[in-house]
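Just below is one structure, and these are the notes that go with it.
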Amino acid sequence: MKITREKIVIKTSIISIISNIVLALFKAFVGILANSIAIVTDAINNLSDALSSIITIVGTKLAARAPDKEHPYGHGRIEYMTSLIISIIVLYAGLTAFIESIKKIIHPEEVKYTTISFIILISGILVKFILGLYVKRKGKEANSDSLVASGSDAFMDAVLSISVLSSAIIFLLFNIQVEAYVGALVSTLIIKSGIELIKDSINQLVGVRASNKITHAIKRDICKENEVLGAFDLVLNDYGPDKYMGSVHIEVSDTMSVRDVDKLSRKITKDISKKHGVILHTIGIYSVNSDEKVKKIRREIHNIIFSHKEVLEMHGFYLDEEESEITFDIIIDFKAKNTNLILNKIKEEIKRKYKEYSLNITIDLDISD
């Protein structure tokens, strides 16, 4: 029986919760006995990790709900909202720990390390390394950014625990008390992690460029169809992990019938959905001239356009002899300072060579690779 993505995320999160709570309790106990703010800070970090996993479970369950009239695209983006909540919790934990560390630096107190302190710290390091490997592997298996991030965070926790252990060893060997400073360092790294997580979560909610891995794969598979001469303007709308809806333009010969185009577009929609889990709700059509004379003109105009380094792509070229009009789309780099100036230069250069034709040039956005 195939295990669903939801079950993988929940099972892995439960294991993470149990591990982090046990570690947090032991570290808090040892930290209080040893009067070590660094160990207590480490315990708070483990507790925040456990809370994050609980929120991950809630978010995953809510995001898995079926579409309804108010939410026809499903509830997948709830996972991004829960990720933002988790990020804020991580940031708050880091800030709280940092304040306590500063208090200890200003008003230092005697630290008392015992054998059990070292046992707990070393055990915590080992558990976090193993947990990190497990959670990260499961995150990749389920394509869950939350789990992958949790796995990476567990590795970071192990490194931070090593720093706490180092401060204890320094104190025992040289009688130099640095644990408050280590606590400040640990909390600073937690704060940095929280800020980065918040940034990533906001980017997901606002909308980010689709991975070139999936866009290249989809375009490549579309172009495997013999009738397709090119695939462009691929737009993927992200409605949660593994939930994409989108549209694309394809170039086909102007000799194809409407029936043939309809058959082709339906096949593409079905194949892409089956292979990539992406629903292409719209497939636009660019008609391509089959006349050899026009192909030559296209090549010459292509050379003119790409003499401008800001131009990334040209597609949808069609020459209408009846209307004496040349139509095509271009994509200009977002970094270009003056898009209209570039467009006007291109028009001037083409008009000098092809005065008999009017130009209809559309500037498309650089939405995907």
For this session: Consider K296 carefully, then state whether it is exposed (fewer than 12 other Cβ atoms within 10 Å of the Cβ) and either closer than 30 Å to G76 by Cβ or basic (K, R) (or both).
Result: yes
Exercise. Which number in (1) out of contact with any Asp or Glu (no Cβ under 9 Å at 6 or more places or on another chain); (2) farther than 21 Å from K136 by Cα; (3) modelled with pLDDT of 80 or more marks the one condition that S13 misses?
Worked result: (2)
Exercise. How about region 16-54: which of its residues are at pLDDT 80 or above, farther than 15 Å from S123 by Cα and among the hydroxyl-bearing types (S, T, Y)?
Worked result: S16, S53
Problem set entry | Evaluation of K295 against (1) free of Cβ contacts under 8 Å to residues at least 24 places away in the same chain; (2) in contact with a strand residue (DSSP E or B) (Cβ under 6 Å, 6 or more places away or on another chain) (one fails), failing number | (2)
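Quick one: which of R209, R220 is modelled with pLDDT of 80 or more, assigned to a loop (DSSP other than H, G, I, E, B) and among the basic types (K, R)? First the steps, then the outcome.
On the way: R220 fails: assigned to a loop (DSSP other than H, G, I, E, B).
Just a single option satisfies the conditions, and that option is R209.
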Exercise. Which one is farthest from Y318 (Cα to Cα) among residues in region 344-363 that are surrounded by fewer than 18 Cβ atoms within 10 Å (Cβ to Cβ) and aliphatic (A, V, I, L, M)?
Worked result: I363
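Only one residue in L84, L91, L126, L62 is farther than 23 Å from V22 by Cβ and at pLDDT 85 or above, so which one is that?
Values: L84 fails: at pLDDT 85 or above; L91 fails: at pLDDT 85 or above; L126 fails: farther than 23 Å from V22 by Cβ.
Just one listed residue meets the conditions, L62.
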For this session: Could you list, in sequence order, all residues of region 253-293 that are assigned to a loop (DSSP other than H, G, I, E, B) and either among the small types (G, A, S) or surrounded by 11 or more Cβ atoms within 10 Å (Cβ to Cβ) (or both)?
Result: D254, M256, S257, G277, N289, S290, D291
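In the set E322, E356, E313, E300, which member is touching a strand residue (DSSP E or B) at 6+ places or on another chain (Cβ under 7 Å) and either among the charged types (D, E, K, R) or assigned to a strand (DSSP E or B) (or both)?
Values: E322 fails: touching a strand residue (DSSP E or B) at 6+ places or on another chain (Cβ under 7 Å); E356 fails: touching a strand residue (DSSP E or B) at 6+ places or on another chain (Cβ under 7 Å); E300 fails: touching a strand residue (DSSP E or B) at 6+ places or on another chain (Cβ under 7 Å).
That would be E313, the only listed residue that is touching a strand residue (DSSP E or B) at 6+ places or on another chain (Cβ under 7 Å) and either among the charged types (D, E, K, R) or assigned to a strand (DSSP E or B) (or both).
To keep it simple, each residue is scored yes or no on (1) touching a Phe, Trp or Tyr at 6+ places or on another chain (Cβ under 8 Å); (2) crowded, with 22+ Cβ neighbours inside 10 Å; (3) not in a helix (DSSP H, G or I).
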position: D42; (1), (2), (3): no, yes, no
position: S52; (1), (2), (3): no, yes, no
position: T56; (1), (2), (3): no, yes, no
position: D68; (1), (2), (3): no, no, yes
position: Y73; (1), (2), (3): yes, no, yes
position: I85; (1), (2), (3): no, no, no
position: I88; (1), (2), (3): no, no, no
position: A97; (1), (2), (3): no, yes, no
position: K103; (1), (2), (3): no, no, no
Exercise. Filter region 235-255 for residues that are at pLDDT below 95 and of a type in the set (A, V, I, L, M, F, W, C); which is nearest to K295 (Cα to Cα)?
Worked result: V235
For this session: Identify the residue in region 138-191 that is farther than 22 Å from S117 by Cβ and without any contact (Cβ under 8 Å) to a residue 40 or more places away in the chain and, among all such residues, is surrounded by the fewest Cβ atoms within 10 Å (Cβ to Cβ).
Result: K140
For this session: Confirm whether G230 is surrounded by 13 or more Cβ atoms within 10 Å (Cβ to Cβ), touching a residue at least 60 places away in the same chain (Cβ under 8 Å) and not aromatic (F, W, Y).
Result: yes
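Restricted to region 111-123, and to residues that are surrounded by 15 or more Cβ atoms within 10 Å (Cβ to Cβ) and hydrophobic (A, V, I, L, M, F, W, C), which residue is modelled with the lowest pLDDT? Quick ask: steps written out before the conclusion?
Residues of region 111-123 that are surrounded by 15 or more Cβ atoms within 10 Å (Cβ to Cβ), as a first pass: 111, 113, 117-118, 120-121, 123.
Narrowing further to those that are hydrophobic (A, V, I, L, M, F, W, C): 111, 118, 120-121.
On the way: V111: 67, F118: 78, I120: 76, L121: 76.
Applying the filter and picking the extreme gives V111.
The values are calculated or read from the model by the stated rules, or taken from the named source; none is laboratory data. Owing to the predicted nature of the structure, the values given are computational and were not obtained by experimental measurement. Counting neighbours? That spans all protein chains shown, and the Cβs are built from the backbone with ideal geometry, glycine included.
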